[in-house]
Structure formats: C-alpha cells, structure tokens
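Derivation of every value follows stated rules applied to the coordinates shown; laboratory data play no part. Everything numeric in this text was worked out from a predicted model, so none of it was measured. Neighbour counts run over all protein chains shown; Cβ positions are idealised from the backbone, glycine included.
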C-alpha cells in the first residue's frame with residue numbers, strides 16, 4: 001500500500017523498512033494463526049537485528065494494530081506512531 005512512498009522517503013534521508021508478517025505479502029503462511037502480539041514480535045525481530053534505536057512506525061488496518069502493540073512492548077524505541085485506517089471492532093464483531 002505504501003510502496004509509492006518508499007522512494008520519496010528514502011530520497012529525503014529516511015530509512016524505510018517494510019516487513020511482511022507471516023501469511024501476508026511474500027512471506028510463508030504460519031502453521032498456527034498468530035495474534036496481534038505475535039505479529040508485533042515478528043516486526044520487532046528485524047528492528048533488533050538491525051540495532052535500530054529510535055524508529056517511526058506506520059501501519060495500515062491490521063498493521064495499525066500490530067504497530068500499536070509494538071509501540072507498547074518496545075516503547076523505548078518508538079519515536080513516532082502513525083495509524084492509517086485502524087479497524088474499528090464493535091463488541092459484536094469481536095465475538096465473531
């Protein structure tokens with residue numbers, strides 16, 4: 001969704017890293033269904049591997065939930081958090 005923004009961001013000096021969570025993009029499907037916390041740990045892995053200290057996170061829809069969770073578990077690393085179109089789940093929708 002944001003691939004058109006990668007080049008302009010990189011041209012302005014911003015390092016852009018896009019992570020495919022298990023079962024999305026070009027990644028393999030997981031053996032069991034991960035939850036939002038599991039997905040956030042998958043996003044944290046490359047951040048730790050690259051030794052990134054202060055990061056800005058951007059997530060769309062389910063990705064917004066993932067980066068929101070990541071901002072809680074790695075709050076010391078998150079400088080900015082952008083939530084684009086996070087899902088709004090009603091009580092009825094959460095029980096389905």
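Those residues that are over 15 Å from residue 80 (Cα atoms) and touching a residue at least 24 places away in the same chain (Cβ under 8 Å), I need them from region 13-40; list them, please. Of everything in region 13-40, those that are over 15 Å from residue 80 (Cα atoms) and touching a residue at least 24 places away in the same chain (Cβ under 8 Å) turn out to be 19, 21, 36, 37, 39, 40. Helices (runs of 4 or more DSSP H) fully within the chain that include at least 1 residues being in contact with a strand residue (DSSP E or B) (Cβ under 8 Å, 6 or more places away or on another chain) and surrounded by 13 or more Cβ atoms within 10 Å (Cβ to Cβ): 36-49, 62-73.
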